[in-house]
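The values are calculated or read from the model by the stated rules, or taken from the named source; none is laboratory data. Quantities reported herein were computed from a predicted structural model and do not represent experimental measurements. Neighbour counts are summed over all protein chains in view; Cβ atoms, including those assigned to glycine, are modelled from backbone coordinates with ideal geometry.
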Amino acid sequence: MRLALDHIGHGFLGRPVIEDLSLSLAAGEIAALVGPSGSGKTTILQIAADLIEPLSGRVRRHYRRHAVVFQEPRLLPWMTACDNIAYGLRASGTPLRARREAAERRARDVGLAPEDLAKYPAEMSGGMRQRAAVARALAVDPDVIFFDEPFTAVDVGLKRSLQDLVVAAAQREHFAALFVTHDLAEAARIAHRVIVLSAETLGIGTEIPIATPMAERTDRAVFETVEAWSRDPRLAELFDGDRDGQP
Amino acid sequence: MRILGGLGDVAAWLGRYLWSGWAGLAGLCCVLAAWQVGHEVYGSFILPSPLETLAALVALMQEPAFLAAARETAWRAFAGFGLAVGLGTLAGAVAGYSFAAMRLMRPVVTFILGVPPIAWIVLALIWFGPTGGSAVVTVAVASLPVSFAGALEGVATRDRALDAMARSFGAGWWLRFRTVTLPHLVSYLFPAWTTTAGSAWKVTVMAELLANAGGIGGELAIARSLFDIPRVMAIVVAVVLFALATEYGLIQPVRDRLEAWRKAGQPWGVRP
């Protein structure tokens, strides 16, 4: 077990968002966190990633280091792609030469060309920026990666290739991942387990393991999984668009 | 090979920098033309022609006494600039980080900003007497609010999302300050520093003239009492040239170096 959240509670300005929530993440496991808007997906991720302190409960971390891939690329505009990818290594005090080498290797891993490394974010396309953000997370050799709806703003084809890239990297390097998404097809494609949050109980509504091996998750299989979920009463809250997070 | 590439970069930058100077020169020529018209209307006693002024300026630059006075003024302006920029930036950055400090310091700065520089000169004269110290203090106090406001805005508007990203990788506060806040802050500080550098020269000369404390201001007072109008004009032009040299020889090159990344997003040939 890499990460465990025990009886976590949090809220903003007196309004509770999550109450008594517990979840854990095993080594090498990709868990997708889905839920209606306002159910606290991003809040849970930020608590797990130590970006905010929960009001109650505790977080146990059994790993060396983690990385976060945010919804926006969050690249530093005054640094080249190379320096951006190496940023996490710089924070941990890795020498310059080793940082450069790691950045070059990770850029290759995510499909960035060597000449892209000298570019500033302003010179890169949206897809290239998100690839660089993924490379920056992979560069620190993390045991756990937190993904906060990272591929929401990219087009369908690119989204597919970035998802494949994450799955391949996870299989190659055995990191665990908590993947917040509002796209059920994305969850069905990449996750071993789907954690469904409920805005009514302010906690986990249900958990659904996905047994299909990654190699067999074709478009058709993903479509059928999502189709079956749409009839599942445990997931009804997700498909009820009228609620929009208002209890 | 690498060194050659670096030299090429420097040469390309220098070329662009000098080329952008032509536009400025064209504007200056328009001012000179208007000046010449004024001279022809009012005559030499009221407004000496640009050429007369140039001749006086050349003569001025060969006087050891004037050069010593200019050095004195430069030193005072520089000291005042350093104090204003150092204290103003530091206090502004602290205020940007701390809401409480901002609430405390803002009214003080508004107060300082409201006092005219001429009043500071009178106060400094009483406190420090007719020495260079009055000029330095006047520059420092009069210019401090600009740096303060720049640093405050810069730190307060830093990108918190980027800061959270840096924290998620375990970056300490010093690394976060250098890589996330400072590059953003610089774009707020340079306009403030440019203003401060310009006003440092002006306020120093004014303080010297009023305090009778030597320097260029002292030279100006003497030229005025002798009704040597071409000399007065030459001194004025000299001060303008010094201020321009400070900005384009010192501040802008540093800015261009620090903000090279901004050029990346601009289409070719477009310069702010």
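If the requirement is being part of a loop (DSSP other than H, G, I, E, B) and of a type outside the set (A, V, I, L, M), which of these qualifies: A:GLY111, A:GLY127?
After ruling out the rest, the residue left standing is A:GLY111.
Would you confirm, using the coordinates I've provided, whether A:LEU117 is surrounded by 15 or more Cβ atoms within 10 Å (Cβ to Cβ), more than 11 Å from chain B (Cβ to nearest Cβ) and in contact (Cβ under 8 Å) with a residue 24 or more places away in the chain?
yes
Please find, within the stretch B:26-48, the residue that is modelled with the lowest pLDDT out of those that are in contact with a Pro (Cβ under 9 Å, 6 or more places away or on another chain) and closer than 16 Å to B:ARG231 by Cβ.
B:SER44
Do you know which of the residues in the stretch A:77-89 that are surrounded by 22 or more Cβ atoms within 10 Å (Cβ to Cβ) and either within 7 Å of chain B (Cβ to nearest Cβ) or acidic (Asp, Glu) (or both) is farthest from B:TRP174 (Cα to Cα)?
A:TRP78
Only residues in the stretch B:104-120 that are under 17 Å from B:ALA93 (Cβ atoms) count as the first member; pair them with residues that are modelled with pLDDT of 85 or more, Cβ under 6 angstrom, at least 6 apart or cross-chain, and list the lot.
Sorted first by the residue in the stretch B:104-120, then by its partner, the pairs are B:MET105/B:ALA95; B:VAL109/B:PRO145; B:VAL109/B:PHE148.
Could you pull out the residue among B:LEU25, B:LEU60, B:LEU47, B:LEU51 that is surrounded by fewer than 11 Cβ atoms within 10 Å (Cβ to Cβ) and either under 21 Å from B:VAL237 (Cβ atoms) or touching a residue at least 40 places away in the same chain (Cβ under 8 Å) (or both)?
After applying the criteria, what remains is B:LEU25.
Looking at the stretch B:175-187 only, could you name the residues that are more than 11 Å from chain A (Cβ to nearest Cβ) and surrounded by fewer than 21 Cβ atoms within 10 Å (Cβ to Cβ)?
Answer for the stretch B:175-187, where residues must be more than 11 Å from chain A (Cβ to nearest Cβ) and surrounded by fewer than 21 Cβ atoms within 10 Å (Cβ to Cβ): just B:PHE177.
Within the bounds of the stretch A:166-184, is there any residue that is touching a residue at least 12 places away in the same chain (Cβ under 8 Å) and farther than 30 Å from A:ALA107 by Cβ?
So far as the stretch A:166-184 goes, yes, one or more of its residues are touching a residue at least 12 places away in the same chain (Cβ under 8 Å) and farther than 30 Å from A:ALA107 by Cβ.
Take the stretch A:90-104 and flag every residue that is surrounded by fewer than 22 Cβ atoms within 10 Å (Cβ to Cβ), away from chain B (no Cβ under 12 Å) and touching a residue at least 12 places away in the same chain (Cβ under 8 Å).
Listed by number, the residues that qualify are A:ARG99, A:ARG100, A:ALA102, A:GLU104.
Scan the stretch B:151-171 for residues that are more than 14 Å from every other protein chain (Cβ to nearest Cβ) and acidic (Asp, Glu) and jot them down.
B:GLU153
I'd like to verify a number: residues in the stretch A:23-58 that are in contact (Cβ under 8 Å) with a residue 40 or more places away in the chain and away from chain B (no Cβ under 14 Å), how many?
Result for the stretch A:23-58: 24.
Looking at B:ARG158, is it basic (Lys, Arg), touching a helix residue (DSSP H, G or I) at 6+ places or on another chain (Cβ under 9 Å) and in a helix (DSSP H, G or I)?
In short, no.
Check A:ASP148, A:ASP143 and return the single one that is within 25 Å of A:ILE190 (Cβ to Cβ), in contact with a Phe, Trp or Tyr (Cβ under 9 Å, 6 or more places away or on another chain) and more than 13 Å from every other protein chain (Cβ to nearest Cβ).
Values: A:ASP148 fails: more than 13 Å from every other protein chain (Cβ to nearest Cβ).
Being within 25 Å of A:ILE190 (Cβ to Cβ), in contact with a Phe, Trp or Tyr (Cβ under 9 Å, 6 or more places away or on another chain) and more than 13 Å from every other protein chain (Cβ to nearest Cβ) holds for just one of A:ASP148, A:ASP143, which is A:ASP143.
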